[in-house]
Amino acid sequence: MNSQRFDEETLTSSLKLLAGEMATLNAPPEIEQKLREAMRARAVVRPFPKRRVGYWVAAGIAAALLIAVSVVALRPRTDKPNQTTARQTDQPAVKEERSVEVPKILEPEPEQEPQKQIARNPVRPGKRRVPHSEVANHVTREIATDFMPLGYVNPTTFQDGGQVVRIELPRSALVNFGLPMNMERYHEKVKADVLIGSDGLAHAIRFVQ
Amino acid sequence: MSVNHLGAMNLQSEPGDSELLRSMLAGDEEALALLYRRRQGSVYRFALQMSGSKPMAEDVTQEVFLFLMREGHVFDPARGSLSAFLLGVARNHVLRRMRVDQFMTPIGDDDDDEAVFVATGTDLRPLDDLARAETIELVRRAVLSLPPKYREVVVLCELQDVSYGEAAEILGCAIGTVRSRLHRARALLLAKLRPAEQIDDESSASLKSARCFA
């Protein structure tokens, strides 16, 4: 064969010769025996033949557990602000009587100029003292009116700081400030933030829903 | 599927590869044996022709069927035959092994690797048999010396007699790529085999001249 020229035809015939020579070759029988043993071992080790189903069931259970844990973990966060507001509403219960009287004593004046000043300025000191998380919750959950002055207020009153106190008032107090009231809910109370100056007097109020 | 059921099927008709695979995955040992006996030859030969090493071919054959036992559910009959699937798995194993083995140096002579082919000298023409065995060995070495991407095409299309379409499926490429690679591989084989011929011619010529002078 070596004396022949290796052209395309010779190559094809040589490859066929090689293929024919190897056509009878087979893997040794020991491999079949090993595979059988592996299969038996596998059957003993793994009682569930459908591994995929088991995998997905386990994955589903894990996902459900993860969701449950995350729900439980997130719940206290959402409840905290309610507890703090409850605490706040409980605390000023004593003050409530005192502050309820404030609107009676201090009649709002029709002058517009001081009203603007008070409505902008007094919020700042209150905001500084309230923790950020609470502020965020208030912002996201509550709708509040602008602060309405309870009588004439000198802006210098708040130079020494002030305090916003959350109180609950009878719903009829809305009418006193010229706000509409739902008569069907007259027996319910309404939340309000009262701005108390350094002199200890209530200077402005806003209603919160 | 139980053994009896397979036996009954054998009486009627040979069960298909997919059917055997399903039974095997369900834990039927006889289905595994049937499938193995049916498909081991092509897997073993492919691995042997690709690697030129009997131990590697045996290992690869075993690994392919172990993979089938483990991950047989990934086989999709709509995408091709089980034979092509097994050859594809075998190819991946062979290439992986060859990548690892290229950094290793063989220690000592491995007679088994060299004795892949047994000359069939049953007739009364020993010189013809010798020439034939020599040619086979020459071509085998030339095929083994090809780069893997050309070697696998030659092994599949020329030695395993796999169609171009099936080869493309096994190799994960287009039929056109298979054709062009095969063309290039044949050209490389011719280039590898011709110099040997020329060298032989030259040596025989020098021998003749030496005889003349003698």
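The values are calculated or read from the model by the stated rules, or taken from the named source; none is laboratory data. Model, not experiment: these values are computed from the prediction. Reconstructed Cβ throughout: ideal geometry from the backbone, glycine too, with neighbour counts over all protein chains shown. Note: areas computed on protein heavy atoms with side chains; ligands, DNA, RNA excluded. Shrake-Rupley method; radii C 1.70, N 1.55, O 1.52, S 1.80 Å.
Quick look at the numbers
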quantity: Residue mean of other protein chain beta carbons inside 10 Å, A:168-176; calculated: 0
quantity: Solvent-accessible surface (1.4 angstrom probe) belonging to B:Val100, in square angstrom, nearest 10; calculated: 80 Å²
